[in-house]
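Q: Quick one: the structure is below, questions incoming.
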Amino acid sequence: MYLLRVPDRPFLLRVSLKHEQVVDASAYPFVVPAVRALDGLTLASVTYFVGENGSGKSTLLEAIAVAAGFNAEGGTSNFAFSTRATESPLHGCIRLARSERRPRTGFFLRAESFYNVASEIDRLGVGDSYGGRSLHEMSHGESFLALMQHRFGGAGLYILDEPEAALSPARQLAFLRRLHDLVRQGSQFLIATHSPIVLAYPAATIYRLDDEGLSETSYDALEHVTLTRDFLNHRDRFLGRLLDDEDEPRR
């Protein structure tokens, strides 16, 4: 049995919605159940946000990142570029409770805008901090692992939106190993993901976002996990039901 030791006090302790700052509660994203339920949500050294598309997990993660001082499109707190301003107003309506600890470094990763971040790294000429080779010269998965290996360091705050988009299953396991090393060095991770592998870090807090709002759950209770496990264990049965075309009209 593995024994994991994580820092007692992460950098970000809680996130709450400042209701008095919400101008229109009937507008997006304040109509999203998970956003409405944002009331003193506790953040751990590793916190996962899980939900279907449209549940608000990426919107919430973006708001936390911007409120914490990161560029809305991703990168470090020193990045200030903007390709297109699409962030929601949620970041101005949340309160982050912080511990006495302060991160030495950090990064906000968005799978959808990582290309723009890589371009900004090239423009700034800071590629040496990312392994000495342009991230554009690598595959998506290679560039993300290079980012984790060379740019991510101990005592860092890392906010990652769907990192599995870049990673094969084998590299998702490598991601978990690197995450564990960084957590043991005092780092904090907030991660939105659909991946049962990425979700598997045992010393983590998992929040499920759905139509009922936002609730803490266990790994084995997640539909992402149970559905994937059932599919792999009973593939023929699943495919038989999914691909059954006997009810389709003949032509």
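The values are calculated or read from the model by the stated rules, or taken from the named source; none is laboratory data. Computed from a prediction, not measured in an experiment: that's the story for all the values here. For neighbour counting, all protein chains shown are included, and Cβ atoms are generated from backbone atoms with ideal geometry for every residue, glycine included.
Q: For the stretch 52-75, how many residues meet the condition of being of a type in the set (Gly, Ala, Ser) and under 14 Å from VAL32 (Cα atoms)?
A: Of the residues in the stretch 52-75, the ones of a type in the set (Gly, Ala, Ser) are 54-56, 58, 63, 65, 67-69, 72, 74-75.
Going one step further and asking which of them are under 14 Å from VAL32 (Cα atoms), we end up with 54-56, 58, 63.
Qualifying residue count, the stretch 52-75: 5.
Q: Report whether or not ALA166 is over 11 Å from the mean Cα position of the chain (by Cα), surrounded by fewer than 20 Cβ atoms within 10 Å (Cβ to Cβ) and at pLDDT below 95. Steps first, answer last, please.
A: Working: over 11 Å from the mean Cα position of the chain (by Cα): yes; surrounded by fewer than 20 Cβ atoms within 10 Å (Cβ to Cβ): no; at pLDDT below 95: yes.
The answer is no for ALA166.
Q: Then there is this: Does the stretch 35-48 hold any residues that are under 15 Å from SER16 (Cα atoms) and outside any helix (DSSP H, G or I), and which are they?
A: To start, the set of residues in the stretch 35-48 that are under 15 Å from SER16 (Cα atoms) comprises 35-44.
Of everything in the stretch 35-48, those that are under 15 Å from SER16 (Cα atoms) and outside any helix (DSSP H, G or I) turn out to be ALA37, LEU38, ASP39, GLY40, LEU41, THR42, LEU43, ALA44.
Q: Separate question: Could you please give the count of residues in the stretch 70-97 that are among the small types (Gly, Ala, Ser), loosely packed, with under 15 Cβ neighbours inside 10 Å and modelled with pLDDT under 90? Please lay out each step first, then the result.
A: We begin by selecting, within the stretch 70-97, every residue among the small types (Gly, Ala, Ser); these are 72, 74-75, 77, 80, 82, 85, 88, 92, 97.
Checking the rest, the ones that are also loosely packed, with under 15 Cβ neighbours inside 10 Å come to 80, 82, 85, 92, 97.
Within this subset, residues satisfying the condition of being modelled with pLDDT under 90 are 80, 82, 85.
Number of matching residues: 3.
Q: Please determine, by comparing only the residues of the stretch 195-209 that are touching a strand residue (DSSP E or B) at 6+ places or on another chain (Cβ under 9 Å) and buried (at least 17 other Cβ atoms within 10 Å of the Cβ), which one is farthest from ARG14 (Cα to Cα).
A: The residue in question is VAL198.
Q: Condition first: touching a residue at least 40 places away in the same chain (Cβ under 8 Å), of a type outside the set (Gly, Ala, Ser) and surrounded by fewer than 22 Cβ atoms within 10 Å (Cβ to Cβ). Now tell me which residues in the stretch 148-163 satisfy that. Working first, answer last.
A: First, the residues of the stretch 148-163 that are touching a residue at least 40 places away in the same chain (Cβ under 8 Å): 151-163.
Within this subset, residues satisfying the condition of being of a type outside the set (Gly, Ala, Ser) are 151-152, 157-163.
Hits for the stretch 148-163 are ARG151, PHE152, GLU162.
Q: Going through the stretch 124-147 one residue at a time, which ones are among the hydrophobic types (A, V, I, L, M, F, W, C) and either surrounded by fewer than 21 Cβ atoms within 10 Å (Cβ to Cβ) or modelled with pLDDT of 85 or more (or both)? Working first, answer last.
A: First, the residues of the stretch 124-147 that are among the hydrophobic types (A, V, I, L, M, F, W, C): 124, 126, 135, 138, 144-147.
Of everything in the stretch 124-147, those that are among the hydrophobic types (A, V, I, L, M, F, W, C) and either surrounded by fewer than 21 Cβ atoms within 10 Å (Cβ to Cβ) or modelled with pLDDT of 85 or more (or both) turn out to be LEU124, VAL126, MET138, LEU145, ALA146.
Q: List pairs: first in the stretch 88-103 and within 15 Å of LEU61 (Cβ to Cβ), second small (Gly, Ala, Ser) and buried (at least 17 other Cβ atoms within 10 Å of the Cβ), Cβ under 7 Å, 6+ apart or cross-chain?
A: What qualifies is SER88/ALA63; LEU90/ALA63; HIS91/ALA63; HIS91/ALA67; ILE94/ALA63; ILE94/ALA67; LEU96/ALA67; LEU96/ALA68.
Q: Let me ask something else about it. Would the stretch 220-230 turn up any residue that is among the basic types (Lys, Arg) and either modelled with pLDDT of 95 or more or surrounded by 14 or more Cβ atoms within 10 Å (Cβ to Cβ) (or both)?
A: Step one: of the stretch 220-230, the residues among the basic types (Lys, Arg) are 229.
If we keep only those that are either modelled with pLDDT of 95 or more or surrounded by 14 or more Cβ atoms within 10 Å (Cβ to Cβ) (or both) as well, we get none.
There is no residue in the stretch 220-230 that is among the basic types (Lys, Arg) and either modelled with pLDDT of 95 or more or surrounded by 14 or more Cβ atoms within 10 Å (Cβ to Cβ) (or both).
For (1) at pLDDT 90 or above; (2) crowded, with 16+ Cβ neighbours inside 10 Å; (3) within 14 Å of the chain's Cα centre (by Cα), each residue gets a yes or a no:
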site	(1), (2), (3)
ARG5	no, no, no
VAL15	yes, yes, no
VAL32	yes, yes, no
LEU38	yes, yes, no
PHE49	yes, yes, yes
LYS57	yes, yes, yes
